[in-house]
Amino acid sequence: MSETQLAVVLQFSAVAFLWTIFVFKVIPDARLDWFRQKMFSIRDEMFDYAADGNIPFDHPAYTMLRHQMNGFIRYGHQLTVFGCLMTLARRKIEGETRDASWHSEWQKSLDSLSSNEVRKSLMTFYQRSMWLAIKRLLFGSPLLWLATALIMIQLLLQGVAKGLRQLVRLAAEKAFTGPINDRLIEETAQGTFA
């Protein structure tokens, strides 16, 4: 091997090594930091909403939603497609059928609110946090990119979507109505699959 060929091989190896670090370490860490920061922002907005006297800090709807957001922040690193699939597999192997206890308790706590305005605001906080978690899952998995792209093509052919943003949201929602749904995401984010 000549010196030129050796230099090319070493340069290629160095670039491949740096690219691997960038793709498998730097980008995932940055995505996790971004996710946590956005979740902090939503949680802080909800805190300010409660601090303005709209809902007591000890109301079950507020505490449940805050606990869920804290779970997303704390266990965001485990909020992956692989983590959700492992939770699903563990359930199947153990024959465990989880009821929607968190979801039903959350609904009861919302129903106990006297103000429709407060109920709508808390639902908005919930939807924003769930959409953020779904985006973390969706954009962290090339497999889900492919599934979403195929669903988008199908929706385009059917003429359902009216705009690109709506199309992406609809495709992501369809991708998550199967085995990966919001309850599974919530359970994974709270670290209860371990």
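The values are calculated or read from the model by the stated rules, or taken from the named source; none is laboratory data. Every value quoted in this text rests on a predicted model; they were computed, and no experiment measured them. With ideal geometry, Cβ positions are generated from the backbone for all residues, glycine too; neighbour counts draw on all protein chains shown.
The number of residues in segment 55-69 that are over 13 Å from the mean Cα position of the chain (by Cα) and either of a type in the set (S, T, N, Q) or surrounded by 13 or more Cβ atoms within 10 Å (Cβ to Cβ) (or both) comes to 9.
So is Glu187 over 23 Å from Asp48 (Cα atoms), at pLDDT below 75, in a helix (DSSP H, G or I) and among the acidic types (Asp, Glu) or not? Don't jump to the end; show me each part of the working.
Details: over 23 Å from Asp48 (Cα atoms): yes; at pLDDT below 75: yes; in a helix (DSSP H, G or I): yes; among the acidic types (Asp, Glu): yes.
It is true that Glu187 is over 23 Å from Asp48 (Cα atoms), at pLDDT below 75, in a helix (DSSP H, G or I) and among the acidic types (Asp, Glu).
Keeping to segment 99-146, report how many residues are surrounded by 18 or more Cβ atoms within 10 Å (Cβ to Cβ), farther than 21 Å from His59 by Cβ and aliphatic (A, V, I, L, M). Number satisfying all stated conditions: 6. Remark: Phe57 matches the filter, which requires a residue to be modelled with pLDDT of 95 or more, of a type outside the set (D, E, K, R) and more than 24 Å from Ile134 (Cβ to Cβ). When restricted to residues that are within 17 Å of Met69 (Cα to Cα), aromatic (Phe, Trp, Tyr) and either free of Cβ contacts under 8 Å to residues at least 40 places away in the same chain or touching a Cys at 6+ places or on another chain (Cβ under 6 Å) (or both), segment 1-53 contains 3. In this structure, Ile27 does not satisfy being surrounded by 10 or more Cβ atoms within 10 Å (Cβ to Cβ), outside any helix (DSSP H, G or I) and over 15 Å from the mean Cα position of the chain (by Cα). If you go through segment 174-183 one residue at a time, do you hit one that is modelled with pLDDT under 80, among the acidic types (Asp, Glu) and either more than 20 Å from the chain's Cα centre (by Cα) or surrounded by 12 or more Cβ atoms within 10 Å (Cβ to Cβ) (or both)? Scanning segment 174-183 turns up at least one residue that is modelled with pLDDT under 80, among the acidic types (Asp, Glu) and either more than 20 Å from the chain's Cα centre (by Cα) or surrounded by 12 or more Cβ atoms within 10 Å (Cβ to Cβ) (or both). If you go through segment 79-90 and keep only what is over 10 Å from the mean Cα position of the chain (by Cα) and under 14 Å from Ser141 (Cβ atoms), you end up with Phe82, Gly83, Cys84, Leu85, Met86.
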